[in-house]
1. Suppose we filter Thr170, Thr199 for residues that are among the hydroxyl-bearing types (Ser, Thr, Tyr), over 16 Å from Ser111 (Cα atoms) and more than 13 Å from the chain's Cα centre (by Cα); which single one remains?
2. Looking at (1) farther than 23 Å from Arg205 by Cβ; (2) among the hydroxyl-bearing types (Ser, Thr, Tyr); (3) assigned to a helix (DSSP H, G or I), find the lone condition where Ser16 falls short.
3. Would region 88-102 turn up any residue that is part of a helix (DSSP H, G or I) and in contact (Cβ under 8 Å) with a residue 24 or more places away in the chain?
4. Quick one: count up the residues across region 103-119 that are surrounded by 15 or more Cβ atoms within 10 Å (Cβ to Cβ), of a type in the set (A, V, I, L, M, F, W, C), part of a loop (DSSP other than H, G, I, E, B) and free of Cβ contacts under 8 Å to residues at least 60 places away in the same chain.
5. Going through region 51-102 one residue at a time, which ones are surrounded by 16 or more Cβ atoms within 10 Å (Cβ to Cβ), among the small types (Gly, Ala, Ser) and in contact with a helix residue (DSSP H, G or I) (Cβ under 8 Å, 6 or more places away or on another chain)?
6. So in region 12-24, with the set limited to residues that are free of Cβ contacts under 8 Å to residues at least 40 places away in the same chain and surrounded by fewer than 15 Cβ atoms within 10 Å (Cβ to Cβ), which one is farthest from Leu82 (Cα to Cα)?
7. Within region 19-52, how many residues are within 24 Å of Ser92 (Cβ to Cβ) and either among the acidic types (Asp, Glu) or outside any strand (DSSP E or B) (or both)?
8. Please find, within region 25-43, the residue that is farthest from Arg205 (Cα to Cα) out of those that are in contact (Cβ under 8 Å) with a residue 60 or more places away in the chain and buried (at least 22 other Cβ atoms within 10 Å of the Cβ).
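Just so you know, all these numbers are worked out from the coordinates, no wet-lab data involved. Note that the coordinates shown come from a computational prediction; the quantities given were computed from them, not determined experimentally. Using ideal geometry, Cβ is built from the backbone for each residue, glycine included, and neighbour counts are taken over all protein chains shown.
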Amino acid sequence: MARIVVVDYHKGNLSSVVRSLGEAGGDAVISDDPAAIRSAGALVLPGVGSFGDAMGYLRESGEAQALVDALGRGVPFLGICLGLQLLFERGSETDDGSWAEGLGVLPGSASRLESTRLKVPHVGWDQINLTPHGRACPLFADVPDGANVYFTHSFALADDVPEGIVAARTHYARSFASAVWDGRATFGVQFHPEKSSATGLAMLRGFVRVAGGAA
């Protein structure tokens, strides 16, 4: 079985992600070592904090280039919450509201959810609506359309994300891509599968199967 490296950029507690991957049948460890990230059998990038701060740390530590190198060779990857957004070209969650460059693995950007009617951040359980592309996605093999998952975020993917990689959509303040899949082994979800009960565990099992197949 491929060892799954959960990428640590010192912005939060990753133990719940590691524990959930273990419950899903995976062998997961936490690391901030670029060499371990570059040589990983599979990668999970969780996310807390701001886009700009996260990218600043990942670049300074060498983890950003290690992630790009690993993704370039097709290592199975799952981005969670901010980890999804960092896959893209840019994000506006910075101290001054300017755009910060992301990993640039996928085209598009992440921007703030704006609403005068709804509370932002978007916190709690909400539905994911699978696209035709999403119905073929390994993460959702055992997940029904309209399943409820747990969100906590103020920023989300913007409309410049290509529809061809959108696996699921959610509507809160606006319609946004709540899951993406590049058609190979790169996945990202705006919600937290590790906090989404049996539904989230089913998704993590799907990722573990992909990681095992790549070993």
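1. Just a single option satisfies the conditions, and that option is Thr199.
2. Against the list (1) farther than 23 Å from Arg205 by Cβ; (2) among the hydroxyl-bearing types (Ser, Thr, Tyr); (3) assigned to a helix (DSSP H, G or I), Ser16 comes up short only on (1).
3. no
4. The qualifying residues number 1.
5. Those that are surrounded by 16 or more Cβ atoms within 10 Å (Cβ to Cβ), among the small types (Gly, Ala, Ser) and in contact with a helix residue (DSSP H, G or I) (Cβ under 8 Å, 6 or more places away or on another chain): Ala54, Ser61, Ala64, Ala66, Ala70, Gly79, Gly91, Ser92, Ala100, Gly102.
6. Here is the first cut: in region 12-24, the residues free of Cβ contacts under 8 Å to residues at least 40 places away in the same chain are 12-15, 18, 22.
From what is left, the residues that are surrounded by fewer than 15 Cβ atoms within 10 Å (Cβ to Cβ) are 13, 15, 22.
Details: Asn13: 14, Ser15: 17, Gly22: 22 Å.
Once the filter is applied, the top-ranked residue is Gly22.
7. 7
8. Ala42
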